Structures are given as C-alpha cells and as structure tokens.
Amino acid sequence: MERLQKVIARAGIASRRKSEELIKEGKVKVNGKVVTELGVKVTPSDRVEVNGIQIEKEEPVYFLLYKPRGVISSVSDDKGRKVVTDFFPYIQERIFPVGRLDYDTSGLLLLTNDGEFANLLMHPRNQIDKVYVAKTKGIPSKENLRRLERGIHLEDGKTAPAKVKMLSVDKQKQTSIIEIIIHEGRNRQVRRMFEAIGHEVLKLKRERYGFLTLHGLSAGDARELTHHEVKLLRGLSLESTKKNS
C-alpha cells in the first residue's frame, strides 16, 4: 500500500505537495468516496479519481527545456499566455515544470510527469547549484556583492550564502553582467536579491542546474534527459537532502 498523494504524484498529475492540496480541497476520490485526509493509503486495485477523472499510471519521462522569456512556467494560463508545455505538443504524458522560472526569465527548466522526482528536487533542504547570469542596471560595489554572498534579508527571510562573480562591466551604459549561484528556489529570488542592494535586474537567465547545461540548445528547444542524468540528479538530491536534514 502507498500513500494517496504519492500515487497521484507518480501518475503525473502534480507534484506531491500539490497532490496533498488536491486531497485537502476534496478533489480526490478513492473507490467513489471523497478523501480529504493525507494519511490514507491505497492499493494498485483501488480506483483513484482526481477532479472526476480516473488516474492511470504513466511511464515517467524527463525533459530539459531552454525556456524563452515571455513564457509562463505552468501547464495552463487563464490569460491565454504561452506556457512551457506548449513546447511539447507531441508529448502525451501529463508533464509539468519542476519549480519555475519567472515570465521574464529565460534558461534551463526541467519538466516531468514524475511527481516524486519533482518533489525530491524541490525539497527545501536540496542544495543543488542553480547558476544564473544577470544583467543589472548600474555597477554593484564589491561590498554589495559580498552582501549577496553572505545572504540578503528579504521579506520571507534571509537567503542562504551565494557565490557571486562579476563577469563584465559596461561603464558607458552603466550595466553589469554578473554570475550568481544559489540553491534555493524562492519566488523571484535573484531579482529580489539584487533589488535589495539597489540594482534592478534587466535580464536574467538560468544557465545551469547541477551538472545540466543548455549546451547545444537555442531558446525554445528541449531534449529528453538520459537515464544516467536522471539517476545522477536523483542521487545528488538524496545526498544533499540527507546531508542537510
């Protein structure tokens, strides 16, 4: 027997956290009865429905997308804007993004239908490096860059230590290109960190996630992860989570 939220996540409906929300909202039925408790366990023979649709186990799939700017990190948008799953018109599996990149942020984004895998990568104790390159308005001082490295106090708490490297400066245009490496995944975190030291981010791109890069891809391109890459990501996540538990 397995926990209901784990079964829903494995079926590719949503991450485990989102699956728990669906259960609490009364949107899940087991053998025709609404279930709202998270401790419920089910067997493979039980009929599980989410929003009135019976779930079927899908084979797990894993993709890397070079997300362009102006795209929503979601499977749908009520305003009709382009979403990341629009780049996978021939994929039948119900994939969803692992975490998110802001509408105006481009770069590396993972998508899968494996909710357990997504939950593992998004675990708060996970410390896989996420490498961003930011173009900022103005030229931050060395002291302000050190503040980013030590951690910035934001409205939702202090950020973890980061690695920061000034790549180039345009004194005439008063802009900077800066690499910043973080492992957290807060909403608009990199932009808010730079805003906290008085520098607006004009352009932002995630260039690396752990050992994964955008090598060989253009904006809008995607590729399937290899079995070896999936295994390495899972191992990195488990090792990182255990180390920081």
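Testing Gly80 on (1) touching a strand residue (DSSP E or B) at 6+ places or on another chain (Cβ under 8 Å); (2) over 23 Å from Ile8 (Cα atoms); (3) open to solvent by 20 Å² or more (accessible area, probe 1.4 Å); (4) among the small types (Gly, Ala, Ser), one condition comes back false. Which one is that?
Only one criterion is unmet by Gly80, namely (1).
Results for (1) crowded, with 17+ Cβ neighbours inside 10 Å; (2) in a loop (DSSP other than H, G, I, E, B), shown as yes or no for each residue.
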site: Glu58; (1), (2): no, yes
site: Phe63; (1), (2): yes, no
site: Tyr66; (1), (2): yes, no
site: Ser76; (1), (2): no, yes
site: Thr85; (1), (2): yes, no
site: Ile91; (1), (2): no, yes
site: Arg100; (1), (2): yes, yes
site: Tyr103; (1), (2): no, yes
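List the pairs whose first member sits in the stretch 221-245 and is open to solvent by less than 100 Å² (accessible area, probe 1.4 Å), whose second member is β-branched (Val, Ile, Thr), and whose Cβ atoms are under 6 Å apart, counting only residues at least 6 apart or on separate chains?
These pairs meet every condition: Leu236/Ile128.
Out of all the residues in the stretch 111-162, which are more than 20 Å from Arg100 (Cβ to Cβ), charged (D, E, K, R), outside any strand (DSSP E or B) and in contact with a strand residue (DSSP E or B) (Cβ under 6 Å, 6 or more places away or on another chain)?
Within the stretch 111-162, Glu149 is the sole residue that qualifies.
The rows are residues; the columns are (1) over 23 Å from the mean Cα position of the chain (by Cα); (2) aliphatic (A, V, I, L, M).
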site	(1), (2)
Asp170	yes, no
Gln189	no, no
His199	yes, no
Leu202	no, yes
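Of the residues in the stretch 84-126, how many are aromatic (Phe, Trp, Tyr) and either modelled with pLDDT of 95 or more or farther than 18 Å from Ile8 by Cβ (or both)?
The qualifying residues number 4.
Within the stretch 9-35, restricting attention to residues that are part of a helix (DSSP H, G or I) and surrounded by 16 or more Cβ atoms within 10 Å (Cβ to Cβ), which residue is farthest from the chain's Cα centre (by Cα)?
Per the criteria, the residue is Ile23.
Which members of the stretch 209-228 meet the condition of being assigned to a loop (DSSP other than H, G, I, E, B) and touching a Lys or Arg at 6+ places or on another chain (Cβ under 9 Å)?
Of everything in the stretch 209-228, those that are assigned to a loop (DSSP other than H, G, I, E, B) and touching a Lys or Arg at 6+ places or on another chain (Cβ under 9 Å) turn out to be Gly210, Leu214, Gly216, Leu217, Ala219, Gly220.
When the stretch 152-184 is examined, which residues are found to be surrounded by 14 or more Cβ atoms within 10 Å (Cβ to Cβ), within 23 Å of Ser240 (Cα to Cα) and in contact with a helix residue (DSSP H, G or I) (Cβ under 9 Å, 6 or more places away or on another chain)?
Correct list: Ile152, Thr159, Ala162, Val164, Ile180, Ile182, His183.
If Ile72 meets every condition in (1) of a type in the set (A, V, I, L, M, F, W, C); (2) within 21 Å of the chain's Cα centre (by Cα); (3) open to solvent by 50 Å² or more (accessible area, probe 1.4 Å) apart from one, which number is that one?
Ile72 satisfies every listed condition except (3).
Give the residues of the stretch 127-144 that are out of contact with any Asp or Glu (no Cβ under 9 Å at 6 or more places or on another chain) and either in contact (Cβ under 8 Å) with a residue 40 or more places away in the chain or crowded, with 20+ Cβ neighbours inside 10 Å (or both), sorted by residue number.
Ile128, Asp129, Lys135, Pro140, Asn144 - these are the residues of the stretch 127-144 that are out of contact with any Asp or Glu (no Cβ under 9 Å at 6 or more places or on another chain) and either in contact (Cβ under 8 Å) with a residue 40 or more places away in the chain or crowded, with 20+ Cβ neighbours inside 10 Å (or both).
Restricting attention to the stretch 1-47, report how many residues are farther than 24 Å from Tyr62 by Cα and touching a residue at least 40 places away in the same chain (Cβ under 8 Å).
Looking only at that region, the number is 4.
Collect the residues in the stretch 36-56 that are farther than 23 Å from Ile91 by Cα, open to solvent by 80 Å² or more (accessible area, probe 1.4 Å) and assigned to a strand (DSSP E or B), keeping them in residue-number order.
Once the filter is applied, which keeps residues that are farther than 23 Å from Ile91 by Cα, open to solvent by 80 Å² or more (accessible area, probe 1.4 Å) and assigned to a strand (DSSP E or B), the stretch 36-56 yields only Lys41.
The values are calculated or read from the model by the stated rules, or taken from the named source; none is laboratory data. All values derive from a computational prediction rather than experimental measurement. Neighbour counts are summed over all protein chains in view; Cβ atoms, including those assigned to glycine, are modelled from backbone coordinates with ideal geometry. The protein model used for the area step is the full one, side chains on, heavy atoms only, and it has no ligands, DNA or RNA in it. Shrake-Rupley method; radii C 1.70, N 1.55, O 1.52, S 1.80 Å.
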